[in-house]
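Since the structure comes first, as structure tokens, the remarks are kept for the end.
A short reminder: the numbers here are calculations on the coordinates, not readings from a lab. Every value quoted in this text rests on a predicted model; they were computed, and no experiment measured them. Cβ coordinates were reconstructed from backbone atoms using ideal geometry, including for glycine residues, and neighbour counts include every protein chain displayed.
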């Protein structure tokens, strides 16, 4: 057999390289097609995979999470982006903090901290704004639908909408005071009033008010207030008012009714 010429050898080698390249391209195409098929299969709207666990609130459901993610039932972890859900929850005025992350085996854990109402404040057009401790408006209503927070009188917030933040200095001062005292004490508040002289009065559920003095000095009264509150709670005190305007508390008792 005659030996192959150099040109023929080069031609054979090029042909072999083309065949190898064709095989590799075919393999890559098959692999890519498999991955694309798997991707589309896993992202089908009807494909169910994973679950949701919600912590810290009863105001969220799986349907709510799917809506925030722009998805639909059934839950599919491949279609629900945890970052997108977390970002949406952070803009929900009902929640102070929110975090969303996947944990094995494919469970989307939603952890939220509910924003607690601190005050009902008069809003524009004879309405009321439900305000959180940081001044965020949680709701706007025509009346006061519950007793979850005391009403503030003597100040209004103008025209605010859900998600707005109060910029009234006196209202923010009241919110700061409330945030500095115990929740047990706050639960006894019915109404907080600011009079024309800018003095603050708190009406308690026990029936008598506590005078706190000028609103500019309110932040210095939280410790004194809690001391007095802890002294009187559980006791049947018949008083007209308790005055905390000065450093020494004064209790004005009701006169006994003579027969």
Fewest Cβ neighbours within 10 Å first, please rank 103, 221 accordingly. 103, 221
Where labels lie 7 Å past Cα in the beta-carbon direction, separation of residue 236 and residue 6 in nm: 12.1 nm
When DSSP beta bridges are limited to those with both residues in the stretch 117-253, what percentage is antiparallel, rounded to the nearest 5? 75 percent
Send over the semi-axes of the stretch 1-110's equivalent ellipsoid, whole angstrom and largest first, taken as the square roots of 5 times the C-alpha gyration tensor eigenvalues. 56, 13, 10
Among (1) 71, 18, 17; (2) 37, 20, 15; (3) 57, 14, 12, which is the computed semi-axes √(5λ) of the Cα gyration tensor in Å? (1)
At 7 Å along the Cα-to-beta-carbon direction for both residue 41 and residue 61, put a label point, then send me their distance in nm to one decimal. 3.3 nm
Per the 1/(1 + (r/R0)^6) rule, R0 = 41 Å and r from the Cβ atoms of residue 162 and residue 246, FRET efficiency to 0.05 is 0.50
Restricting to the stretch 51-114, compute how many DSSP beta bridges are antiparallel as a %, nearest 5. 60 percent
Using Cβ contacts closer than 10 Å as the measure, can you line up 42, 119, 22 from fewest to most? 22, 42, 119
Taking the number of other C-beta atoms within 10 Å as the exposure measure, put 142, 71 in order starting with the fewest. 142, 71
